[in-house]
Amino acid sequence: MAETVWKNNPVCRQLGIDYPVLQGGMAWVADAELAAAVSNAGGLGLIAAMNSNGEQLRVQIRRAKELTDRPFGVNLMLMSPYIDEAVKVVCEEHVGIVTTGAGNPAKYMDQLTAAGVKVICVVASVALAVMAERMGAVAVVAEGCESGGHVGETTTMALVPQVVDAVTIPVIAAGGIADGRGMAAAFLLGAVAVQMGTRFLTATECNVHENYKAKVIAAKDHDTIVTGRTLGHPVRALKNAMTREFDRLEKDPNTTQEQLEAMGAGALRRAAVEGDVKNGSCMCGQIAGLVKTEDSCETIVHGICEDAVRLLRRNPFSASEV
Ligand code: TUI
């Protein structure tokens, strides 16, 4: 039923998926199991290459191939120390789809496209979206600053329609989307698919530490903070002892960049793997306040698409029933 609605969706056709829902490439979180679960639900799952060296990434890719026959991808975090090895392994393992984030992918575009990889660039500005199209990206993810993790300066509401007007390739909206209302709104802004991170953080199949999941589920609208602007890589995470102290030090003129870098190093791993949600970095988006349950990837993907279709078909001038 639902598949029929999306049959001609440009992102579904381009990627060979049933539902226009991508999972964000969350570092230390998005492993083969999560990616395969999202892909098995008909969306596009992605393995985060950020925290793996080449061989560790190869293991994850091979594991995902065992767990799903559906298309899945790899997210390349361009600031990763392992980026060169990750690109090589992605090409060798014939991964069909890559998303890139946190930088300009120019250096890797030719290598990836020559290997037959479809590249989707995650962008936070119109300028990079235009550049991505020129460099051969098959789509862009326009990611607003409501997102978790590394963020730009523009909100999803402002960014998505401007990117839609600037490029001819499909635009996937991200940042602040966790349910059918957000998906429907993104489509009205001109996006033809959505990417979600925070919603998948609490998925049953997500292996992030249970303390982290519980903190996301307990979070309210005001519970995230952006730190790291002075270092040139602003990051949104939940407020806790670590991010509050980071924020304080960042505003103190006596703090050195080295002190801040040292404080940030390993913080995401500490929260996501060790479960230290006080002294670690629990990256997540502003929409965490809406995420109240742990659901399977199938429930998430099917539910959001069903709700979005219902809302997009509804007479918008009738009394609200969301
Ligand atoms: O990449 C993300 N989100 C991330 S990466 C990450 S791992 C990390 N860990 C510690 C510190 C910093 C990062 C956690 N979350 N999203 C995609 C994204 N890309 N958002 C914003 C951008 C972006 C920003 C600036 C893309 C390009 C850009 O500038 C490109 C240029 O050089 O023109």
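The numbers here are math on the coordinates, done by the rules we state, and not lab data. This is a predicted model, so every value here is computed, not measured. Heads up, the Cβs are rebuilt from the backbone with ideal geometry, glycines too, and the neighbour counts pull from every protein chain shown.
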With only Lys, Arg, Asp and Glu charged, each at its Cβ (+1 for the first two, -1 for the last two), find how big the charge dipole of segment 210-287 is about the Cα centre; round to the nearest 20 debye. 220
Just need the relative contact order of segment 210-287 here, percent rounded to a whole number, with Cα pairs under 8 Å and 6+ apart. 37
Amide H proximity to residue 24 below 5 Å, modelled H, separation 5+ or other chain, gives 196, 197
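Restricting to the chain, compute how many DSSP beta bridges are antiparallel as a %, nearest 5.
Given both bridge residues lie in the chain, the antiparallel proportion sits at roughly 20 percent.
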Set the Förster distance to 35 Å, then compute FRET efficiency between residue 248 and residue 8 from the Cβ-Cβ distance, nearest 0.05. 0.10
Hey, what number do you get for the chain at 222 nm if only DSSP H runs of n ≥ 4 count, each worth -39500 (n - 2.57), divided across all residues, to the nearest 500? -12000 deg cm²/dmol
Dipole of segment 48-100 (Lys/Arg Cβ +1, Asp/Glu Cβ -1, origin at the Cα centre): which of 95, 64, 51 lies farthest to the positive side? 64
Out of 204, 190, 170 - ranked by how far each Cα lies towards the positive end of the dipole of segment 169-309, with unit charges on the beta-carbon of charged residues - the top one is 190
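Relative contact order (percent) for segment 178-322, with alpha-carbon contacts under 8 angstrom and 6 or more residues of separation? Please report the intermediate quantities before stating the final value.
Numbers: 200 pairs, mean separation 54.5, N = 145.
The normalised contact order for segment 178-322 reaches 38 percent.
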Have a look at 101, 176, 73 and tell me which one the Gaussian network model of the chain (Cα, springs below 10 Å) gives the largest fluctuation. 101
Ranked 177, 83, 97, criterion: other C-beta atoms within 10 Å, fewest first: 83, 97, 177
Each residue of segment 197-206 in order: what ³J(HN,Hα) in whole Hz does its phi give by Karplus 6.51 cos²θ - 1.76 cosθ + 1.60, θ = phi - 60°, with x for Gly and Pro? x, 3, 4, 7, 4, 9, 5, 3, 7, 7
Coil-residue trypsin sites (Lys or Arg not before Pro) of segment 207-252, DSSP, other Cβ within 10 Å capped at 14: 220
Might you report the magnitude of the Cβ-based charge dipole of the chain about its Cα centre, with Lys and Arg at +1 and Asp and Glu at -1, to the nearest 20 debye? 340
Sequence-separation-based contact order of the chain, relative, with Cα cut under 8 Å and 6+ spacing, percent: 17
Can you put 317, 72 in order of Cβ neighbours within 10 angstrom, beginning with the fewest? 317, 72
Take residue 111 and residue 166, extend 7 Å from each Cα along the Cα→Cβ direction, and tell me the distance between the two endpoints in nm. 2.6
Cα-Cα over 31 Å: which of 107/213; 88/239; 7/215; 220/251; 215/251? 107/213; 88/239; 7/215
Using only Cα atoms, figure out Rg for the chain and give it as a multiple of 2.2 N^0.38 Å. 0.94
